């Protein structure tokens, strides 16, 4: 799937689901709002997706792979929060990002309702992890993520039940949880399954 096909599909996608159903990982309604940027980098050899690996010293989600993003602050909208967080976490210049679409709201087990926004990033960019929240920043080719064999389902026993989740592995990077769920939503849109 080439760049123009990807952008045409994303621009024509159906309205996102704003009220996500309660997930297996939640105890109750989401009490906080967050926004994430799903950054697609327009590289000469194909689109890539930017991810960050969270610091191993954080209290929550230490060492996990995530999209740039975080809490929506008072007075911010979803897009400005996602762009601010991407700049703070990985030094992504908001002027290099064109927001293309919004994906479905995702309810994370941490109590957040996440609003994912897909943005087209135009190089040149110089991505630098902030060293506090994000230790490493890396890119994964979109064609790798679109390959069905690179997605699998795993489970774990948590809070008295078996819980299933999506996984993508790229080199040493294990992408799962909320990040993988948002990624699956993006891939379903691109495959016209959503």
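Being more than 15 Å from the chain's Cα centre (by Cα), in contact (Cβ under 8 Å) with a residue 24 or more places away in the chain and surrounded by 15 or more Cβ atoms within 10 Å (Cβ to Cβ) holds for only one residue in 42, 104, and it is 42. Test residue 127 against the stated conditions and say whether it is in contact (Cβ under 8 Å) with a residue 12 or more places away in the chain, in contact with a strand residue (DSSP E or B) (Cβ under 6 Å, 6 or more places away or on another chain) and either farther than 19 Å from residue 177 by Cβ or buried (at least 16 other Cβ atoms within 10 Å of the Cβ) (or both). Judged against the criteria, residue 127 is a match. Go through the stretch 51-75 and give me each residue that's over 15 Å from residue 178 (Cβ atoms), touching a helix residue (DSSP H, G or I) at 6+ places or on another chain (Cβ under 7 Å) and surrounded by 13 or more Cβ atoms within 10 Å (Cβ to Cβ). Once the filter is applied, which keeps residues that are over 15 Å from residue 178 (Cβ atoms), touching a helix residue (DSSP H, G or I) at 6+ places or on another chain (Cβ under 7 Å) and surrounded by 13 or more Cβ atoms within 10 Å (Cβ to Cβ), the stretch 51-75 yields only 72.
Here's the yes/no breakdown for (1) more than 14 Å from the chain's Cα centre (by Cα); (2) outside any loop (DSSP other than H, G, I, E, B); (3) farther than 19 Å from residue 186 by Cβ:
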| residue | (1), (2), (3) |
| --- | --- |
| 33 | yes, yes, yes |
| 36 | no, yes, no |
| 51 | no, yes, no |
| 76 | yes, no, yes |
| 80 | yes, yes, yes |
| 84 | yes, yes, yes |
| 95 | yes, yes, yes |
| 98 | yes, yes, no |
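The set of residues in the stretch 1-31 being over 25 Å from residue 85 (Cα atoms), out of contact with any strand residue (DSSP E or B) (no Cβ under 7 Å at 6 or more places or on another chain) and either modelled with pLDDT under 90 or assigned to a loop (DSSP other than H, G, I, E, B) (or both) consists of 1, 2, 12, 14, 21, 27, 28.
Selection within the stretch 100-111: residues that are out of contact with any helix residue (DSSP H, G or I) (no Cβ under 7 Å at 6 or more places or on another chain) and part of a strand (DSSP E or B). The member of this set that is farthest from residue 81 (Cα to Cα) is 107. Taking the criterion of being in contact with a strand residue (DSSP E or B) (Cβ under 8 Å, 6 or more places away or on another chain), modelled with pLDDT under 90 and more than 18 Å from residue 87 (Cβ to Cβ), the only residue of the stretch 34-59 that qualifies is 56. Kindly indicate the residue of the stretch 108-119 that is within 16 Å of the chain's Cα centre (by Cα) and surrounded by fewer than 21 Cβ atoms within 10 Å (Cβ to Cβ) and also nearest to residue 10 (Cα to Cα) among those meeting that condition. So the residue we want is 113. Looking at the structure I just gave you, is residue 75 more than 24 Å from residue 2 (Cα to Cα) and free of Cβ contacts under 8 Å to residues at least 12 places away in the same chain? In short, yes. Screening residue 114 with (1) part of a strand (DSSP E or B); (2) modelled with pLDDT of 95 or more; (3) closer than 15 Å to residue 68 by Cβ gives one miss only, at (2).
The values are calculated or read from the model by the stated rules, or taken from the named source; none is laboratory data. Since this is a predicted model, take the numbers as computed values, not measurements. As a convention, Cβ positions derive from the backbone with ideal geometry for all residues, glycine included, and neighbour counts pool all protein chains shown.
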